[in-house]
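Quick notes on the structure that follows.
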Amino acid sequence: MFLGKIRNSLSNRHLSLRAKLTLGLSAIAVVLVISSIISLMEYRSMSSYVSGLIADNINSINVAQKLSEVSNTYNLEILSVIGDEGARLPELNQEEFVARCDSLKKNLTSVNLLPLADSVMYSYAAYMMTTLELEDVLLSDFIDSRTWYFDRLQPKYNRLRSYIDALSAGMYNDLKKNSLTFDRGFYRSLIPSFVAVLVGLLLVVLLLFFILSYYVNPIYKMLDALKNYRSYNKKYTYTFEGDDQLAELNSGISEMAAENHQLRRRLSALRNATIDQHES
């Protein structure tokens, strides 16, 4: 019932041909605009995804730098204890270090970097195991603490630092790769979508101009000529260049109008002759 009312209301509206064509082409333009909006939404989704990867890269790099700073500070504190009998043994928050390593592994955007993150953990465990010997070394009269530091502990630290640096370098490369992906995605998704929309709108305008010039305007002129013929008994004389169905229709109307005009003249002549006969 509701659809029937809509159908009746639409059928009662007498839209001109020009209005119908304009409405149809406007609908095409609306579709193009909607497609551009969808394209922009797709780009926004892609941009959000790549931005998330870049943010994870930056966060991972900051965590790696923090691990490097903490381990370097701890190693220097151990070095300051060597040779100082009254010095206090340094402390390192191992739970915080391990938690940072775990968060680093979770935020890595490249699977290829996971072995390096595991190597950081293994080298850190080896380094911390070696630092547990420090108290016994300081209390021993037979072990030179400096020799122990440079021959045993420092190589473990160097290995830990090299893995952290390698992991940082890998994350920098990953960040560079994601940044390039973001730039390529920007130019590949945004510019073509705008170009497609602009070209589509231009085609719609050209198509509208073509239809109005070659179809709608001739039809309106045909109607004006036909109105003058019917209302003012003028000769139907409208002609235009073309070889399509519209030109064929205009030619047919012109022929029928000419035949009808001749018929009217004959009827008028017969009527006048009949009147003259009655008068005579």
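Numbers for the structure displayed
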{"item": "Among the candidates ALA247, ALA225, residue that is surrounded by 10 or more Cβ atoms within 10 Å (Cβ to Cβ), of a type in the set (A, V, I, L, M) and in contact with an Asp or Glu (Cβ under 8 Å, 6 or more places away or on another chain)", "result": "ALA247"}
{"item": "Whichever residue in the range 59-100 is basic (Lys, Arg) and in a helix (DSSP H, G or I) and, among such residues, is modelled with the lowest pLDDT", "result": "ARG100"}
{"item": "Residue that is surrounded by the most Cβ atoms within 10 Å (Cβ to Cβ) [pool: residues in the range 194-210 that are under 13 Å from THR22 (Cα atoms) and of a type in the set (Val, Ile, Thr)]", "result": "VAL204"}
{"item": "Test result for VAL31, modelled with pLDDT of 75 or more and either within 16 Å of ASP102 (Cα to Cα) or surrounded by fewer than 17 Cβ atoms within 10 Å (Cβ to Cβ) (or both)", "result": "no"}
{"item": "Pair list, Cβ < 7 Å and 6+ apart or interchain, from the range 108-132 residues that are at positive phi to residues that are assigned to a helix (DSSP H, G or I)", "result": "none"}
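Conditions tested, residue by residue: (1) outside any helix (DSSP H, G or I); (2) within 18 Å of GLU77 (Cβ to Cβ); (3) modelled with pLDDT of 80 or more; (4) among the aromatic types (Phe, Trp, Tyr).
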| residue | (1), (2), (3), (4) |
| --- | --- |
| ARG152 | no, yes, yes, no |
| LYS156 | no, yes, yes, no |
| SER162 | no, no, yes, no |
| SER168 | no, no, yes, no |
| LYS176 | no, no, no, no |
| SER189 | no, no, no, no |
| SER193 | no, no, no, no |
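The values are calculated or read from the model by the stated rules, or taken from the named source; none is laboratory data. Model, not experiment: these values are computed from the prediction. Note that each Cβ is placed from the backbone with ideal geometry, even for glycine, and that neighbours are counted across all protein chains shown.
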